[in-house]
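Notes to accompany the following structure.
Every number here is computed from the coordinates shown, using simple stated rules; none is lab data. Note that the coordinates shown come from a computational prediction; the quantities given were computed from them, not determined experimentally. Quick reminder, even Gly has a Cβ in these numbers, built from the backbone with ideal geometry, and neighbours come from all protein chains shown.
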Amino acid sequence: MNLDSRIEKFAELAIKTGVNIQPGETLLIRADINSHLFARKCQVEAYKAGAKHVYIEYSDEVAAHNKYLLAPEESFNEYPQWQADKYTQIAKEGGAFLSIISSDPDLLKDVDPDRVGNFQKASGKLLKEWRSYTLSNKAKWSIVAAPSPEWAKRVYPELSQEDAFNKLWESILDCSRVTEDPIAAWEEHNKNLSEKTKILNEMNFKELRYKSSKTDLVIGLPEKHNWISGASFDPKGNLFNPNIPTEEVYGMPHKYKVDGIVYSTKPLVYAGCIIDNFWLKLEGGKIVDYDAEVGKETLRLLIETDEGSLRFGEVALVPYDSPISNTNTVFYTTLFDENASCHFAIGAAYPSSVSDGNTLSEEDYDSRGINTSITHVDFMVGDSDLDIIGIKQNGEEFQVFKNGNWAF
């Protein structure tokens, strides 16, 4: 297939396998103006699938950068209520959300991190209700990627602008399993991940022990926890894939039972800034110390977003030997880099990671070990020397990962 044909298939995949639009549903597509051509292709596929309304909300990274540099300080403590209301209304009415990412990883490197941090807090507070729908899978959502010139050049600096752009498109399509029949490829992929999930749930581990040349961490797991594969189900039982690509099986650490030290293995791009070569020390589930060679101030702002950002909300298992990892490419975006590596998330947990979690009130979360926060940011910890041992309820050990890959 030529590139244009693959992109057409990718748009169909995003609609039918990503958000899995059903007849009569509303879809909101969020995309940067760099991705407008691909956003329109997704719009067409959504209407073909029977969507009633397809709204496209464009953002402009350059305009956002201008605001961070020039707007008054107090503007970053505000977020428009009407924007939050729009998202929440669509979610309440059974709508779905497709995000097309194409961010420049270095966009905000010259911006005061406090401005970015304040805006993240302001938006997080007002978007909390909407995120409660996506975190609990009460609304279908999916994230896919399309290249921008700046992102492509960051990933492939040795290539010309045009070649870098086309190369990044090909890499996105390869990692997203865009074959002659990508929908069938994803059905098989979801089946394989589901088999791993089934085995992990049968084990009913008490804790996981992470050990590598640097990382030494114990992850306590909640009672009646669930491991979940990349695919999810909405309240009507429709399967959707929140991330394309995905290679993960994920669960939830108990918010009070994480102890030790963990080192990052890939750069983290957060709020337009790069954080790299960092470590976190945790006691009783809480981050008590940290450092970073690059972006320490941005890391501080992330950790200090709120009380919940001092704790982990997700533990994800991803083999080192996987399609994304095997590209030997740092993509400088979490969607891809997290699926090349085992990772944790700072911040909110997915309630579905414990049995009946989606039916609990937020007041009951703490007693079940479910962390809450207005943020949820994944960072990568997997490498070729990572071993993970699962400890069963009776104390028996089971090798989950060996040298960075599944051991079973």
| GluC sites (Glu not before Pro) restricted to region 330-408 and DSSP loop, no more than 15 other C-beta within 10 Å | Glu396
| request: Step through the residues of region 23-32 one at a time and calculate ³J(HN,Hα) from phi using the Karplus curve (6.51 cos²θ - 1.76 cosθ + 1.60, θ = phi - 60°), rounding each to whole Hz and writing x for Gly and Pro. | output: x, x, 7, 9, 10, 10, 9, 10, 8, 6
| note | Residues whose built amide H sits under 5 Å from the amide H of Thr329, excluding neighbours closer than 5 in sequence, are none
| Out of residues 5 or more away from Asn405 or on other chains, whose amide H comes under 5 Å of its own, with H placed 1.01 Å from N in the peptide plane? | Tyr320
| remark: Residues other than Pro245 with Cβ under 12 Å of its Cβ, Lys/Arg counted +1 and Asp/Glu -1, net out at -4
| Residues whose placed amide H lies under 5 Å from that of Ile101, excluding near-sequence neighbours | Val144, Ala145, Ala146
| request: Could you tell me what percent of the DSSP beta bridges with both partners in the chain are antiparallel, to the nearest 5? | output: 75 percent
| task | Using θ = phi - 60° and the Karplus relation 6.51 cos²θ - 1.76 cosθ + 1.60, list the HN-Hα couplings for region 248-265 in order, rounded to whole Hz, with x at every Gly or Pro. | result | 9, 10, 10, x, 9, x, 5, 4, 10, 10, 10, 9, x, 10, 9, 10, 6, 10
| What order do you get for Met380, Met203, Met252 when you list them from fewest to most C-beta neighbours inside 10 Å? | Met203, Met380, Met252
| Which entry in (1) 1.15; (2) 0.96; (3) 0.94 matches Rg/Rh (Cα atoms, Kirkwood Rh) derived from the coordinates of this structure? | (3)
| request: Output ³J(HN,Hα) for region 232-243: one whole-Hz value per residue in order, computed from phi by the Karplus curve 6.51 cos²θ - 1.76 cosθ + 1.60 with θ = phi - 60°, and x for Gly and Pro. | output: 10, 10, 7, x, 8, x, 7, 6, 9, 10, x, 10
| task | Give me the number: length gained by fully extending Ser75 to Glu8, i.e. 0.36 nm times residue separation minus the C-alpha to C-alpha distance, one decimal in nm. | result | 20.1 nm
